[in-house]
Amino acid sequence: MTSSIASITPADLDDIVVMAGELSLHEGDPVPDVSASDLAEVMFSSHPLLFGSIAHVDQMPAGYALWTVGYTMQYGKSLLEIVDLYVRPDVRRKGIGRALMRTMAHVAQGRGYRFLTVKTFNGNAEANAFYRACGGMLDQTNVYGFGLKAMAGLRSEACDDL
């Protein structure tokens, strides 16, 4: 088995879309409504918002990591925020996920970022165990999602101040 990790190029985007669908199904979600052209727009424009690496095993797409830049006021530094990390089931437990995480750590440190973060569902025992095994520590942050309906409510009425 020969494996490699490389920066995602426009030629990889169709494979990323397919694997993103596999990840969503694995998590019990519908296949995402994203296309290769959608990704190209946010990854390869003059001001990219999304970055990533792709893993290959024996020259076949085996996984990927997508990330964006965040910021922490506490430390006054940028951080690398992993948006998606996925390894295909047939190549799991062969070091691909750890290699992707290692790549993310190299990118973060190379850019002078304070740390990297990744979110996963509480119920995803496999992912939670993996991130702990990689040295990640679960923080005490609550993440609140505001979908379209919640954002519309925020625009039309004031939040109740507590």
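The values are calculated or read from the model by the stated rules, or taken from the named source; none is laboratory data. Note that the structure is a prediction, hence the values are computed from the model and not measured. Every residue, glycine as well, gets a Cβ built from its backbone with ideal geometry; the counts of neighbours run over all protein chains shown.
Any residue at all in the stretch 95-103 that is out of contact with any His (no Cβ under 6 Å at 6 or more places or on another chain), of a type in the set (S, T, N, Q) and surrounded by fewer than 18 Cβ atoms within 10 Å (Cβ to Cβ)? No, the conditions are met nowhere in the stretch 95-103. A single entry from F146, F121, F130 fulfils the requirement of being more than 16 Å from the chain's Cα centre (by Cα) and either surrounded by 11 or more Cβ atoms within 10 Å (Cβ to Cβ) or aromatic (F, W, Y) (or both): F146. Applying the condition of being under 12 Å from Y71 (Cα atoms) and touching a Ser or Thr at 6+ places or on another chain (Cβ under 7 Å) to the stretch 106-130 and asking which residue is modelled with the highest pLDDT yields Y113. The set of residues from the stretch 90-118 being in contact with a helix residue (DSSP H, G or I) (Cβ under 8 Å, 6 or more places away or on another chain) and either β-branched (V, I, T) or without any contact (Cβ under 8 Å) to a residue 12 or more places away in the chain (or both) comprises just one member, V118.
Looking only at the stretch 4-26, residues that are more than 14 Å from the chain's Cα centre (by Cα) and modelled with pLDDT under 95 come to 2 in all. Considering the stretch 67-162, there are no qualifying helices (runs of 4 or more DSSP H) wholly inside with 2 or more residues that are under 21 Å from D29 (Cβ atoms) and among the hydroxyl-bearing types (S, T, Y). Candidates are the residues of the stretch 46-91 that are of a type in the set (G, A, S), under 18 Å from A20 (Cα atoms) and more than 13 Å from the chain's Cα centre (by Cα); the one that is surrounded by the most Cβ atoms within 10 Å (Cβ to Cβ) is A62. Looking only at residues in the stretch 1-36 that are hydroxyl-bearing (S, T, Y) and in contact with a helix residue (DSSP H, G or I) (Cβ under 8 Å, 6 or more places away or on another chain), the one that is surrounded by the most Cβ atoms within 10 Å (Cβ to Cβ) is S3.
For the stretch 37-52, name all the residues that are hydroxyl-bearing (S, T, Y) and not in a helix (DSSP H, G or I). S45, S46, listed by residue number. Taken together, M43, M1 contain a single residue that is among the hydrophobic types (A, V, I, L, M, F, W, C) and either modelled with pLDDT of 95 or more or under 14 Å from the mean Cα position of the chain (by Cα) (or both), which is M43.
Residues in the stretch 1-36 that are more than 17 Å from V83 (Cβ to Cβ) and part of a loop (DSSP other than H, G, I, E, B): M1, T2, T9, G28, P30.
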